[in-house]
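S.K.: Provided herewith is a single structure, encoded as structure tokens, for subsequent inquiry.
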Amino acid sequence: MNPTYVLIEVKLIVRQFAFLFFTIVVPTAMFLIFSGIYGGPAATFGNGTPVTAATMVSMASFAAMSAALVTGGRIALERQIAWHRQLRLTPLSGGGYLLAKGLIAVLVAVPAMLGVLAVGLLVKQVDLSLAQWAMLIGGLVLGSVPFALLGMAIGQLASAESAQAVTPAVMMALAMVGGLMVPVEIMPTWVGDIARALPSFWFRENGIRVVAEGTVSLTSIAVLGGVTLVLGLFVARRYRLSAAR
């Protein structure tokens, strides 16, 4: 993996106004709005989870997931203009290319999630211990990996034009049904059961466990680890098939 290649790609992505707006400004604004809609500073859901902290986790998860999925569009565009074939003429190996794309997706997710968490700390005064903040940030960083791979899978399958439509559709479905936009705590039971089938639910669930109980969710780690393994194998397989053509 070439660090210079990773750095250039990250700079190209974060310099885009649309990326900064939709992955940092929008989730942060939604956090401020939703935390007021679902309750005041001292409000809790029926299960005792603080509303403001839970909404912060939801929007930070949404920001990280949205940013991580963006890589798919760039991969689709590079396939369309055969840029990935040009890269094969360089010392960058196929494995290095895939690792770089995954790392880029995770790196660009970091400022997106930190923007929401900063507002939670400084504006909404979410009170967590240093250990809880560390576990929450670590969980959001590692938990964004399966979504980075999902974006890469979309980029391997879709054209540049269709990726622009597929990626937001997948993102909104994961956010709406997975409990990021509408808290699972206030969903009907049958919708909550559907939400538990999505990785976005377990992404949020780990953060909720951290802010509510000060511990991680082993079930979330297992589910997201399994999704990462499956999507990783799929992306590697698709890349090998593409390289063999």
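The values are calculated or read from the model by the stated rules, or taken from the named source; none is laboratory data. Here the structure is a predicted model, which means the values were calculated and not measured. Cβ: placed from backbone, ideal geometry, glycine included. Neighbour counts: every protein chain shown. All accessible areas refer to the heavy atoms of the entire protein, side chains included, with ligands and DNA or RNA removed. Shrake-Rupley method; radii C 1.70, N 1.55, O 1.52, S 1.80 Å.
S.K.: How many nm is it between the label spots at Leu92 and Asp127, if each spot is 7 Å from the Cα in line with the beta carbon?
M.R.: About 4.9 nm, to one decimal.
S.K.: According to the square roots a ≥ b ≥ c of the eigenvalues of the Cα gyration tensor, what is the shape class of segment 113-237, taking rounded for a/c under 1.5, prolate for a/b larger than b/c otherwise, and oblate for the remainder?
M.R.: Working: a/c = 1.67, a/b = 1.57, b/c = 1.06.
Taking the square roots of the gyration eigenvalues as a ≥ b ≥ c, segment 113-237 is prolate.
S.K.: I need the phi-derived Karplus couplings for segment 26-36: 6.51 cos²θ - 1.76 cosθ + 1.60, θ = phi - 60°, integer Hz, Gly and Pro marked x.
M.R.: 5, x, 5, 5, 5, 4, 5, 6, 5, 5, x
S.K.: Another one. Based on the alpha-carbon set only, what is the convex hull volume of segment 102-170 divided per residue, in Å³?
M.R.: Cα-based convex hull of segment 102-170, divided per residue, equals 97 Å³.
S.K.: Taking just the alpha carbons, could you work out the radius of gyration and Dmax for segment 57-146, both in angstroms?
M.R.: So, for segment 57-146, Rg and Dmax equal 16.5, 52 Å respectively.
S.K.: Taking the chain as a Gaussian network, Cα atoms linked when under 10 Å apart, which of Leu77, Leu150, Leu130 shows the biggest mean-square fluctuation?
M.R.: For the chain, modelled as a Gaussian network with Cα springs under 10 Å, the answer is Leu130.
S.K.: Further, regarding this structure: How high is the FRET efficiency from Ala18 to Leu99, r the C-beta distance, R0 30 Å, rounded to 0.05? Walk me through the numbers before you get to the answer.
M.R.: Values: r = 26 Å, r/R0 = 0.87.
With R0 = 30 Å, the Cβ-Cβ based efficiency is 0.70.
S.K.: Specify the inter-centroid distance of segment 5-58 and segment 157-203, based on alpha-carbon positions, in whole Å.
M.R.: 16 Å
S.K.: Semi-axes of segment 1-104's equivalent ellipsoid from the Cα gyration tensor, sqrt of 5 times each eigenvalue, largest first, rounded to whole Å? Can you show the working numbers first?
M.R.: Values: eigenvalues 296, 36, 21 Å².
Semi-axes (√(5λ), whole Å): 38, 13, 10.
S.K.: Follow-up. Determine the calculated [θ] at 222 nm for the chain from helices alone, applying -39500 (n - 2.57) to every DSSP H run no shorter than 4 residues and normalising by the residue count; nearest 500 deg cm²/dmol.
M.R.: On the way: 13 runs with 185 residues, N = 245.
Result for the chain: -24500 deg cm²/dmol, rounded to the nearest 500.
S.K.: In whole Hz, what ³J(HN,Hα) sequence does segment 189-199 give by Karplus (6.51, -1.76, 1.60; θ = phi - 60°), x for Gly and Pro?
M.R.: Taking θ as phi minus 60°, the curve returns 4, 5, 6, x, 5, 5, 4, 5, 8, 10, x Hz for segment 189-199.
S.K.: Still on this model: Could you give the distance between the Cα centres of segment 70-118 and segment 124-147, to the whole Å?
M.R.: A separation of 23 Å, based on Cα centres.
S.K.: With the other protein chains left in place, how much accessible area per residue, in square angstrom, belongs to segment 88-245 at a 1.4 angstrom probe? Spell out each step's value before the answer.
M.R.: Working: 7350 Å² over 158 residues.
The answer is 47 Å² per residue.
S.K.: Show me the trypsin sites (Lys or Arg not before Pro) within segment 50-90 that DSSP assigns to loop and that have at most 16 other Cβ atoms within 10 Å of their Cβ. All intermediate terms of the calculation are to be shown ahead of the outcome.
M.R.: Values: sites: Arg74, Arg79, Arg85, Arg88; in loops: Arg88.
Sites meeting the loop and neighbour criteria: Arg88.
S.K.: If amide hydrogens are placed 1.01 Å from N in the peptide plane, which non-local residues have theirs closer than 5 Å to the one on Leu128?
M.R.: Under 5 Å from the amide H of Leu128: no residue qualifies.
S.K.: For Thr44, list long-range residues whose amide hydrogen, built 1.01 Å from N in the peptide plane, is under 5 Å from its own amide hydrogen.
M.R.: Val51
S.K.: Using R₀ = 22 Å, calculate the FRET efficiency as 1/(1 + (r/R₀)^6) where r is the Cβ-Cβ separation of Glu213 and Met187; round to 0.05.
M.R.: With a Förster radius of 22 Å, E is 0.60.
S.K.: What's the long-distance tail for the chain, i.e. % of Cα pairs beyond 25 Å? List each step's numbers first, then the result.
M.R.: Values: 12062 of 29890 pairs.
The share of Cα pairs beyond 25 Å in the chain comes to 40 percent.
S.K.: Quick one: pull the percent of accessible area on segment 95-215 belonging to carbon and sulfur, 1.4 Å probe, ligands and nucleic acids left out. Show your work: numbers first, answer last.
M.R.: Working: 3500 of 4960 Å².
In segment 95-215, the share of accessible area belonging to carbon and sulfur is 71 percent.
S.K.: Also, quick follow-up: Work through the residues other than Glu9 whose Cβ is under 12 Å from its Cβ and net out their charges, Lys, Arg +1 and Asp, Glu -1.
M.R.: Working: positive: Lys11, Arg15, Arg74, Lys101; negative: Glu78.
Residues close to Glu9 contribute a combined charge of +3.
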